[in-house]
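The values are calculated or read from the model by the stated rules, or taken from the named source; none is laboratory data. Only a predicted model underlies this, so the values are computations on that prediction, with no experimental measurement involved. FYI the Cβ positions are ideal-geometry reconstructions off the backbone, even for glycines, and counts take in every protein chain you see. Side chains are part of the model used for accessible areas, which takes the heavy atoms of the whole protein and leaves out ligands, DNA and RNA. Shrake-Rupley method; radii C 1.70, N 1.55, O 1.52, S 1.80 Å.
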Amino acid sequence: MTDRPLFRKILIANRGEIALRVLRACHDLGVRAVVAYSDADRDSLPVRLADEAVCIGPGPAARSYNNIPAIVSAARLTGCDALHPGYGFLAENAYLAEICAQVGVTFIGPRPETIERMGNKAEARKLMAAAGVPLVPGTPGPVESLSEARRAAARIGYPVLIKAVAGGGGRGMRVARDEGELVRQMPVAQSEAQAAFGNGEVYLERYLERPRHVEVQVLADEHGRIVAVGERDCSIQRRHQKVIEEAPAPNLRPETRAALLEAAVTGARAAGYTNAGTLEFLLDSDDRFYFMEMNTRIQVEHPVTEMVTGIDLVAWQIAIAAGQPLTIDEAACQPVGHAIECRITAEDAEADFAPGVGRVDTYVAPGGPGVRVDSHLYTGYSIPPYYDSLLAKIIVWGNDRDQAAARMERALTETVIAGVPQTAPFLRRLVADPAFRSGDVHTGLLAERMERLVLAGGERG
Ligand code: MV4
């Protein structure tokens, strides 16, 4: 990268650990940064460490972190020539990207049309199918009648999954294991979809039993160069929230991995993609993979990819947005060792993960060889009630998966977060669980092991 700063000043339109992560990338690159914050985040670490900070509104996100006029005004008034949206909030809002372009602020992300196109999940699937990226066998669009559903299910093969066209995040899905179940479940699924999403349309897919969630990180510059930086396994989820992520994906055959990364590059190219993005796939027990959706932002779990490649993904987001050419190749993306991330949240694992707020009376972060902590916590910090419950991401690196897991157990044991409920003790039991240690991970694992993980409650604290 060059001597001249990539940008004069970047507005960070986010909060918490990701605001801090982006701020650190700015400082590593020699770019000044302004943190846009809500009243509730006035005393936060990213505000304290920023070169400048600007208040954009009251605590509720609708009036601050999701308020496009307030954010774009903040960028203009502080003389920023670029904006980083982080993840969540407006990170995948095509209007924000469009308005930034109109007022001469570079949006650090893909083009507005790309965000829009990938945000429409049906259109994204169509585009990927046309590019030759595999999809789960299913109906191309909504099924109108019961007889159409029966014909389609017979062609797809049972079990089938009935999915709401307007659904997402796992909501509005029903399994039918035979034609009798299909006939019974179709009307239920349709009326549920109508009630939940205001759209009763459903489509069918072959139901994959206990699939894995494997996603591919891509970087694409504005000169046509696209690389797959590697894959992450994010199968350890609770109610569609990721809990543990790792790179590389364990027990993946080299030829499957190569085909997956190639499919991701093909998909990103077909989408005309630029900047950092992630293609999500489901992987079945026969190692077949199927495209699910594309995320047009930096993701929470990006550090595991950084730990095994040494590539700074956020710095590349900024460099790409400044028009720099991508100078990394497939060889630079070969993973070295293994990385695992645990998300510590302010939830009570013994009380069905009820969220808590309040003051962090003591915070002691883990450290030592191979440990990275991405967190905005400090002793005395008060968790505001308005936002998500993520407190800290512990990311560890090891020569292999066993060493990484052992280090994660150590790091979680060292971690002290007192005064609020927090999931570090739960995560330590999960990382120690033989089902996780086996590497035979899948999206049903956490639910299957939950009973023994929360019953081992004597180790709290
Ligand atoms: C599936 C599936 C099995 N078969 N589709 C859940 C969220 C949504 N975006 C896709 N999801 C699933 N789709 C077929 N045809 C299982 C899931 C699924 C899942 C996927 C990814 C990560 C965690 C999951 C947990 C339960 C179910």
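At a temperature of 37 °C and a viscosity of 0.692 mPa s, determine how fast the chain diffuses translationally according to Stokes-Einstein, using the Kirkwood radius over alpha-carbon pairs as Rh; express D in µm²/s, rounded to the nearest whole number. Walk me through the numbers before you get to the answer.
On the way: Rh = 23.1 Å.
The estimated diffusion coefficient comes to 142 µm²/s.
Each Lys or Arg adds one and each Asp or Glu subtracts one; over the other residues with Cβ under 12 Å from the Cβ of L6, this totals +1.
Please report the net charge: other residues with Cβ closer than 10 Å to the Cβ of V420, K and R +1, D and E -1. That works out to -2. Simple point charges give the picture: +1 on the Cβ of Lys and Arg, -1 on the Cβ of Asp and Glu, and for region 214-371 a dipole about the Cα centre of about 240 debye. Model label points for D28 and R269, set 7 angstrom from Cα along the Cα-to-Cβ axis, are 2.9 nm apart.
Note that region 337-344 has calculated 3J(HN,Hα) couplings of x, 9, 10, 10, 10, 10, 9, 8 Hz, one per residue in order, obtained from phi through the Karplus relation 6.51 cos²θ - 1.76 cosθ + 1.60 (θ = phi - 60°); glycine and proline are x. For region 9-108, the relative contact order is 29 percent, taking Cα pairs closer than 8 Å that sit 6 or more residues apart in sequence and dividing their mean separation by the residue count. Packing around the peptides 343-350, 383-390, 107-114, taken as the average count of other Cβ atoms within 10 Å per residue, puts them in this order, highest first: 107-114, 343-350, 383-390. Bridge orientation summary for the chain: considering DSSP beta bridges with both residues in this region, about 80 percent are antiparallel. Taking a label point 7 Å from the Cα of R150 along the Cα→Cβ vector, which residues of region 186-221 have an amide N closer than 18 Å to it? Residues passing the 18 Å test: 186-190, 204. With 31 Å as the limit on Cα-Cα distance, the pairs of K126/K393; K121/K393; K9/K126 that go past it are K126/K393; K9/K126.
Across region 212-460, Cα pairs under 8 Å and at least six residues apart give a relative contact order of 20 percent. The mean sequence separation of alpha-carbon pairs under 8 Å and at least six residues apart, normalised by the residue count of the chain, gives a relative contact order of 14 percent. DSSP finds beta bridges in region 1-80, and of those with both partners inside it, around 0 percent are antiparallel.
Would you tally the net charge around A33, using a Cβ to Cβ cut-off of less than 13 Å, leaving A33 out, and scoring K and R as +1, D and E as -1? Show your work: numbers first, answer last.
On the way: positive: R8, K9, R21, R24, R32, R48; negative: D28, D51, E52, D81.
Result for the local shell: +2.
For the pair region 19-47 and region 187-202, the centres of their Cα atoms are 42 angstrom apart.
Modelled this way, with points 7 Å down the Cα-to-C-beta line, the labels at L77 and R184 are 6.0 nm from one another. Note that region 137-206 presents 51 Å² accessible area per residue, ligands and nucleic acids not counted, probe 1.4 Å.
At R0 = 22 Å, how high is the FRET efficiency between A331 and D287 if r is their beta carbon distance? Nearest 0.05 is fine.
0.35
Estimated from helical segments only, the mean residue ellipticity of the chain at 222 nm is -10500 deg cm²/dmol, where each DSSP H run of four or more residues counts as -39500 (n - 2.57).
Extension gain for A130 to R452 (0.36 nm times residue separation, less C-alpha to C-alpha distance): 111.4 nm. Only one residue of I226, V364, A432 has its Cα farthest out toward the positive end of the dipole of region 212-460, where Lys and Arg carry +1 and Asp and Glu -1 on Cβ, and that residue is V364.
When all protein chains stay in place and ligands, DNA and RNA are ignored, the 1.4 Å accessible-area order of R21, R297, R253, largest first, is R253, R297, R21. Between A101 and D3, the contour length at 0.36 nm per residue exceeds the Cα-Cα span by 32.8 nm. For region 212-460, what percent of Cα pairs sit more than 26 Å apart? Every Cα pair in region 212-460 considered, those over 26 Å come to 40 percent.
Farthest toward the positive end of the dipole of the chain, out of G141, M292, V54, is the Cα of V54, where the dipole comes from beta carbon charges about the Cα centre.
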